[in-house]
């Protein structure tokens, strides 16, 4: 996220222009080895993805088509193989391998998933879904990368309706380009 909490469209100019957001791709100049290592560590244990519909619609056309030899190919292979749960109020056409719509009450569906024997649920992006999970007390860890840029507008991770929650800092580092990389646990 940016210093002012924006999480919208960090990776590409046309990733998510909703609401007239014109700063897509803002994190790219700050990505470095440390931010890459943090992403690799986050994905080093077995995971299943928990995504909101908008994030799913952004990622589903991209990850299955990452070319061989691309620096992000290993991440693409992992994303393409894991189970993906998608929170949506509309019917889902699961074109991305191993994608499943969460039916009914999303919060209850996530509670059921957490009670099961599956892998860790990772929500990457999906700010609207994240806020619902946080409000329901379903967030166990926060892995945040705060980029040294202020955007002034855009979708923020935390909004005025955020529930009071306390987390403990478990790990932090600062990248060579000034990105603050943190892990908080509840």
Exercise. Has region 96-117 got at least one residue that is touching a helix residue (DSSP H, G or I) at 6+ places or on another chain (Cβ under 7 Å), in contact (Cβ under 8 Å) with a residue 60 or more places away in the chain and at positive phi?
Worked result: no
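Anything in region 163-173 that is without any contact (Cβ under 8 Å) to a residue 40 or more places away in the chain, outside any loop (DSSP other than H, G, I, E, B) and surrounded by 11 or more Cβ atoms within 10 Å (Cβ to Cβ)? List them, or say none.
Of the residues in region 163-173, the ones without any contact (Cβ under 8 Å) to a residue 40 or more places away in the chain are 163-172.
In the following step, the residues that additionally are outside any loop (DSSP other than H, G, I, E, B) were identified as 168-172.
Once the filter is applied, which keeps residues that are without any contact (Cβ under 8 Å) to a residue 40 or more places away in the chain, outside any loop (DSSP other than H, G, I, E, B) and surrounded by 11 or more Cβ atoms within 10 Å (Cβ to Cβ), region 163-173 yields 170, 171, 172.
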Exercise. So which residues in region 118-136 are touching a residue at least 60 places away in the same chain (Cβ under 8 Å), surrounded by fewer than 16 Cβ atoms within 10 Å (Cβ to Cβ) and part of a helix (DSSP H, G or I)?
Worked result: 128
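Every residue, every condition in (1) more than 30 Å from residue 105 (Cα to Cα); (2) modelled with pLDDT of 90 or more; (3) touching a strand residue (DSSP E or B) at 6+ places or on another chain (Cβ under 9 Å), yes or no:
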residue: 12; (1), (2), (3): yes, no, no
residue: 17; (1), (2), (3): no, yes, no
residue: 25; (1), (2), (3): yes, yes, no
residue: 30; (1), (2), (3): yes, yes, yes
residue: 50; (1), (2), (3): no, yes, yes
residue: 68; (1), (2), (3): yes, yes, no
residue: 74; (1), (2), (3): yes, no, no
residue: 84; (1), (2), (3): no, yes, yes
Exercise. Are any of the residues in region 4-19 under 25 Å from residue 182 (Cα atoms) and over 18 Å from the mean Cα position of the chain (by Cα)?
Worked result: no
Exercise. Under the condition of being in contact with a strand residue (DSSP E or B) (Cβ under 7 Å, 6 or more places away or on another chain) and at pLDDT below 90, which residue from region 34-45 is nearest to residue 118 (Cα to Cα)?
Worked result: 45
For this session: Please give the helices (runs of 4 or more DSSP H) falling wholly within region 1-97 in which 2 or more residues are exposed (fewer than 14 other Cβ atoms within 10 Å of the Cβ).
Result: 33-42, 73-81
Problem set entry | Close pairs from region 56-82: first more than 16 Å from residue 36 (Cα to Cα), partner modelled with pLDDT under 90 and surrounded by fewer than 14 Cβ atoms within 10 Å (Cβ to Cβ), Cβ under 6 Å, at least 6 apart | 60/95; 66/73
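The values are calculated or read from the model by the stated rules, or taken from the named source; none is laboratory data. Small disclaimer: the values here were computed from a predicted structure and weren't measured. Backbone-built Cβ (ideal geometry, glycine too); neighbour counts: all protein chains shown.
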